[in-house]
Amino acid sequence: MLNKINFSRIFLFLILGLFVFYYITPLYVMIVTSLKSMNEIREGNLFSLPSTINFDAWKIAWGGRGEGTSDTFLKPYFFNSLKITIPALIISTLLGAINGYALTKWKFKGANLIFLLFLFGTFIPYQAILLPMARTLGFLGISNSPIGLILVHSVYGLGFTTLFFRNYYVSISDEIVNAAKVDGAGFFKIFFTILLPISLPILVVTIIFQFTQIWNDFLFGVTFSFGEHAPIQVALNNMVLTSASVKYYNVDMAAAIMAALPTLVIYILAGNYFIKGLTAGSVKG
Amino acid sequence: MATLKIKNLEKKFNQTEVLKGINLEINDGDFLVLLGPSGCGKSTLLNTIAGLENSDNGEIIIDSQKVNDMEPSERDIAFVFQSYALYPAMNVEENIVFGLKQRKISKDKINESLNRIVELLKITELLKRKPAQLSGGQRQRVAMGRALVRDPKIFLFDEPLSNLDAKLRIEMRREIKKLHKNFKTTMVYVTHDQTEAMSLGTKIAIMNNGKIEQFDTPNNIYNKPNSIFVADFVGSPSMNFISGYIKKDENVISFFPDNEKQKSINLNSIKTKVNNSDEILLGIRPEHIFLKKEHAVRVTKDHNFAEIEVHPELHEYIGHEQIVTFNYYGQEILGKFSSSINIEIDKKMTLFVDLNSVSLFDKETKRRI
């Protein structure tokens, strides 16, 4: 019996080890490549460790070479992305929370139909809204601006955030809200003082989800912005694709890691909550 | 000081009628219990009184003021919910004073009311705790505190004890009774537990299918049930119904159970008017059946009892008493006796039925005759 368990354990760990290896290799290659010089990359092995740790590629990816206008580097676009992501994240999360609250605790005629429409909204592919959205942004005069992208991401994310919060609030007893109504609290008072303080798990889920969606977005960014207003993923693409003569693999790798770093940090900081929150809403819902 | 009057109240959920014309009137200081099986509309009625749900028709009048169109917070009511509905993110103190704060009452007054309630319910050491750190009984206490602190016109309770274990439930029931005795506030209390209803209510409204079957004192509900539904719902085990018909000869009124032509029960003492060959149900509570003649002679007024021959079939021991199932001409009768008495199963015997306490029901209309 003991041997059997040991054998299956060993087998399990072998398989797991294989998967770890499989997943971590690209990251490893990215990191070591970003720390090598171009000469070392050309002469050496893809997997070998750098002979000396060299952050030049990172500096170039972040701040450029100082070669004037043709030089593309991430720094300004990183802040572009922050300027878009943070407001869009706050707007879509807050509106989603209020939607979820209204749809579950202040049921009105047609509430279910409206929720269904939100749900339907989550199934709309990015590509389907490109043209109508382009017309809308043009009409509003906010195309190729951070405000335009904030609007796009807020609206597109609303379906998801509403779904998350609705499913979370549906599992919270209506009696709490009724008690507050008898106590004399109104719509927003109940939301901010009674429901929002117990919404941390679903808030974290929504924030991680929306942050990842918006930060990693390429299609909306490349369609609705260009030049100096582009978000980081678009800039990364331009940087990697437009280097005409020589390919600077170390700079490309450093830039790619930089573009992915914020989402990674968010996952590490809030990952534990993410798992808890994902299951929290689904227990009774 | 508050009276509550409900006139012809109707409510529909989509196509289903949940309240079909409710009429009720209670005086100041009354303790009204709405009793009924689940789905009978009792909670909906309570929610409409509170204003948490709207009615489609009819009037709700608190102290001669129509409140139909008022917000719950304007009706000056307090509500104790089944799940207690404490605000999870607030501690006990914040929970209790939340309603007062919404009403912009001065800090001193709030503190005064808080202290009064805390002393009354003995929850001083709980004040800084969150609801999650409280036991069921403590949560119940805090929920009551939150209602009491406002000193409202009417208290509404929605099955407040149903989440407690049996022992605690009886304890809290007594506390609610004490509260009512001390404060004399008008209360409306929803439950499906007949013992709670009987012990707490000064008036009971038995509800069934969106209608009130009987609205009366606990004593009348138990002893003079208006309908078979009420008689069956109240009492444990519930009332025995013996199906049969009436035979009237000259001055003798007899009741013949189905499948029996010879032996009848003499119903001459029954005050109600019955006609020859009326099809009726004879209702007998299990505790009004006696095993020994001496016992029946001693207990029944005017020695007004009947002898019936039965066949004991089943015997259930439940501690202080026993429940025995008898076969009476093919119909089941349950009797409740002290568990010290020994009854031989499957041996024919005679039982004695207190005729002062029987109820007669029309088989067709299911109403009391």
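The values are calculated or read from the model by the stated rules, or taken from the named source; none is laboratory data. Just so it is clear, the structure is predicted and the values come from calculations on it, not from any experiment. A quick note on method: Cβ atoms are made from the backbone with ideal geometry, for glycine too, and the neighbour counts reach across all protein chains shown.
Descriptive notes on the structure:
- For segment B:335-363, filtered to residues that are over 30 Å from the mean Cα position of the chain (by Cα) and assigned to a strand (DSSP E or B), the residue that is surrounded by the most Cβ atoms within 10 Å (Cβ to Cβ) is B:MET349.
- Of all residues in segment A:114-133, one or more are farther than 29 Å from A:VAL204 by Cβ, touching a residue at least 60 places away in the same chain (Cβ under 8 Å) and surrounded by fewer than 19 Cβ atoms within 10 Å (Cβ to Cβ).
- B:ALA205 meets all of the listed conditions (1) assigned to a strand (DSSP E or B); (2) under 15 Å from the mean Cα position of the chain (by Cα); (3) under 30 Å from B:ASN327 (Cβ atoms) but one, namely (3).
- Hey, B:GLU313 free of Cβ contacts under 8 Å to residues at least 60 places away in the same chain, exposed (fewer than 14 other Cβ atoms within 10 Å of the Cβ), among the acidic types (Asp, Glu) and not in a loop (DSSP other than H, G, I, E, B) or not: yes
- In the condition set (1) within 29 Å of A:GLN213 (Cβ to Cβ); (2) in contact (Cβ under 8 Å) with a residue 24 or more places away in the chain, A:GLY110 is compliant with all but (2).
- B:ARG103 being at the interface with chain A (Cβ under 9 Å from one of its Cβ atoms), surrounded by fewer than 15 Cβ atoms within 10 Å (Cβ to Cβ) and within 16 Å of A:LYS181 (Cα to Cα): yes
- Taking each residue of segment B:247-260 that is at pLDDT below 80 and looking for partners that are surrounded by fewer than 16 Cβ atoms within 10 Å (Cβ to Cβ) and not in a strand (DSSP E or B) with beta-carbon atoms closer than 8 Å, six or more apart or interchain, yields B:ASN251/B:ASN268.
- Of all the listed residues (A:SER199, A:SER225), the sole one being under 30 Å from B:ALA78 (Cβ atoms) and either crowded, with 18+ Cβ neighbours inside 10 Å or not assigned by TED's automatic domain parsing to the domain that holds A:ILE268 (or both) is A:SER199.
- Test: B:ASN47 is modelled with pLDDT of 90 or more, under 20 Å from the mean Cα position of the chain (by Cα) and in a helix (DSSP H, G or I): yes
- Selection within segment B:257-283 - of a type outside the set (Gly, Ala, Ser), part of a strand (DSSP E or B) and under 21 Å from B:ALA231 (Cβ atoms): B:PRO257, B:ILE265, B:GLU279, B:ILE280, B:LEU281, B:LEU282
- Among the numbered conditions (1) surrounded by 15 or more Cβ atoms within 10 Å (Cβ to Cβ); (2) in contact (Cβ under 8 Å) with a residue 24 or more places away in the chain, the only one that B:GLN138 does not meet is (2).
- Only listed residue being among the β-branched types (Val, Ile, Thr), more than 29 Å from A:PHE73 (Cβ to Cβ) and under 21 Å from the mean Cα position of the chain (by Cα), chosen from A:ILE198, A:ILE202: A:ILE202
- Residue check, B:LEU121 assigned by TED's automatic domain parsing to the domain that holds B:ASN182, at pLDDT below 90 and crowded, with 16+ Cβ neighbours inside 10 Å: yes
- Selection status of A:LEU113, over 28 Å from the mean Cα position of the chain (by Cα), in a helix (DSSP H, G or I) and assigned by TED's automatic domain parsing to the domain that holds A:TYR168: yes
- Candidates are the residues of segment A:157-176 that are assigned to a helix (DSSP H, G or I), in contact (Cβ under 8 Å) with a residue 24 or more places away in the chain and surrounded by fewer than 22 Cβ atoms within 10 Å (Cβ to Cβ); the one that is farthest from the other protein chains (Cβ to nearest Cβ) is A:GLY159.
- Flag if B:GLU17 is part of a helix (DSSP H, G or I) and surrounded by fewer than 21 Cβ atoms within 10 Å (Cβ to Cβ): no
- If you check B:GLY283, B:GLY319 for being buried (at least 18 other Cβ atoms within 10 Å of the Cβ), among the small types (Gly, Ala, Ser) and within 30 Å of the chain's Cα centre (by Cα), only one passes: B:GLY283.
- Of the listed requirements (1) farther than 16 Å from A:ALA256 by Cα; (2) without any contact (Cβ under 8 Å) to a residue 12 or more places away in the chain, A:PRO50 misses just one: (2).
- Applying a threshold of 6 Å to beta carbon distances and a minimum spacing of six or more residues, or different chains, the list of pairs starting in segment A:10-32 at a residue that is within 20 Å of A:THR52 (Cα to Cα) and ending at one that is part of a helix (DSSP H, G or I) reads A:MET30/A:MET253; A:MET30/A:ILE257.
Residue-wise test of (1) more than 14 Å from chain A (Cβ to nearest Cβ); (2) surrounded by 13 or more Cβ atoms within 10 Å (Cβ to Cβ); (3) not in a loop (DSSP other than H, G, I, E, B).
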| site | (1), (2), (3) |
| --- | --- |
| B:ASP69 | yes, no, no |
| B:PHE79 | no, yes, yes |
| B:GLN82 | no, yes, no |
| B:ALA89 | no, yes, no |
| B:GLU94 | no, yes, yes |
| B:PHE98 | no, yes, yes |
| B:LYS109 | yes, no, yes |
| B:SER113 | no, yes, yes |
| B:GLU125 | yes, no, yes |
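- Qualifying residue in segment A:177-188 (condition: of a type in the set (S, T, N, Q), more than 9 Å from every other protein chain (Cβ to nearest Cβ) and either closer than 13 Å to B:PHE98 by Cα or in a helix (DSSP H, G or I) (or both)): no
- Just one of the listed residues (B:ILE369, B:ILE343) is at pLDDT below 90, more than 28 Å from B:ILE280 (Cα to Cα), touching a Leu at 6+ places or on another chain (Cβ under 9 Å) and not polar (S, T, N, Q), namely B:ILE343.
- Tabulated pairs, segment A:202-224, first within 13 Å of A:LEU149 (Cα to Cα), second crowded, with 23+ Cβ neighbours inside 10 Å and not hydrophobic (A, V, I, L, M, F, W, C), C-beta under 6 angstrom, 6+ apart or interchain: A:ILE214/A:THR85; A:ILE214/A:HIS153; A:TRP215/A:THR85; A:GLY221/A:PRO231; A:PHE224/A:GLY148
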